[in-house]
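What follows is a set of notes on a single structure, which appears directly below.
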Amino acid sequence: MLVEIMKFGKDERVAVTSLDVAETFGKPHDKVMRDIKELGCSEEFNAANFGGITYSDSRNRTQKACVMTRDGFTLLVMGYTGETAMRFKEAYIKQFNAMEAALQGKLVERQKGIAVRQALTKALQQSSEDARMHGHAYSAYTNCIYKALFGLDANQLREKFGIAGKDSLRDRFTREELRAVQSMEYLVSGLVECGWEYGRVKEFIAQTNARRQLSA
């Protein structure tokens, strides 16, 4: 069973897929999809708690599946009875609780990150770096930070996660990764305010991250 933080419309929600429910409860996937369709819930509830997705089956055919929130999952499995089913329900509830706590932690870090990014943006704007880089200083420094922490720049991370340019890359970072990015951004903003230029900053954060990895 796998409860995850997923993209649900425009927001991130804690959710599970119909594929996982079918596998865990030992039911054919088409039966689970039919159960969802026959719930008879209101359009408002359905829109808020169930979403359509696709997947490739063993014959590489595109098939339909469903992603559902805790409320959608709860409504669906109410009718699944038996001792084994009850154990699975309890286990799912524990996972939902754990992932919702993790999501809340991510949201807190994202709010902290806004202030840190604003400080970095302001530092760059007040330095000569933004003019020297023709208005692209923030993206250049961000790529520098990502390369130091993850070994990939922003575009490469988007390819890795399979997300479009309009979607937020940071939504895919864990709470710990967000903290690491914010710590590095805070450090960089201080260096820029001290008059350091890009090349010197790049070398310094690479060395700093290398020392952190050795001490970890």
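The values are calculated or read from the model by the stated rules, or taken from the named source; none is laboratory data. The model shown is predicted, which means the values in this text are computed figures rather than measured ones. Glycine also receives a Cβ, built like all others from the backbone with ideal geometry; neighbour counts cover every protein chain displayed.
Okay, here's what the table says:
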| read-out | value |
| --- | --- |
| Whichever residue in the range 171-191 is of a type in the set (A, V, I, L, M) and in contact (Cβ under 8 Å) with a residue 24 or more places away in the chain and, among such residues, is nearest to Q104 (Cα to Cα) | L178 |
| Exclusive hit being within 19 Å of L103 (Cβ to Cβ) and among the β-branched types (V, I, T), set V77, V14, V21 | V14 |
| Close pairs from the range 44-55: first assigned by TED's automatic domain parsing to the domain that holds L76, partner surrounded by fewer than 16 Cβ atoms within 10 Å (Cβ to Cβ) and part of a helix (DSSP H, G or I), Cβ under 6 Å, at least 6 apart | N49/D71 |
| Elements of type helices (runs of 4 or more DSSP H) contained in the range 34-150, each with 2 or more residues being modelled with pLDDT of 85 or more | 43-49, 70-77, 83-126, 137-150 |
| Residues (in contact (Cβ under 8 Å) with a residue 60 or more places away in the chain and either surrounded by fewer than 16 Cβ atoms within 10 Å (Cβ to Cβ) or not hydroxyl-bearing (S, T, Y) (or both)) located in the range 14-43 | V14, V16, F25 |
| Selected residue [β-branched (V, I, T) and closer than 16 Å to K89 by Cβ] from T54, T17, T24, T62 | T24 |
| Residue count, the range 151-183 (criterion: part of a loop (DSSP other than H, G, I, E, B), within 21 Å of T208 (Cβ to Cβ) and over 14 Å from the mean Cα position of the chain (by Cα)) | 3 |
| R211 vs. criteria at pLDDT below 80, farther than 24 Å from Q126 by Cα, of a type in the set (D, E, K, R) and touching a Gly at 6+ places or on another chain (Cβ under 6 Å) | no |
| Near pairs, Cβ below 6 angstrom, 6+ apart or cross-chain, from the range 117-132 (surrounded by 13 or more Cβ atoms within 10 Å (Cβ to Cβ)) to any residue that is not hydrophobic (A, V, I, L, M, F, W, C) | A119/S189; L120/E185; L120/S189; T121/Y138; A123/S189; A123/E193; L124/D130; L124/Y138 |
| Residue in the range 157-166 that is outside the structural domain of K10 (by TED's automatic domain parsing), under 27 Å from F8 (Cβ atoms) and touching a strand residue (DSSP E or B) at 6+ places or on another chain (Cβ under 9 Å) present | yes |
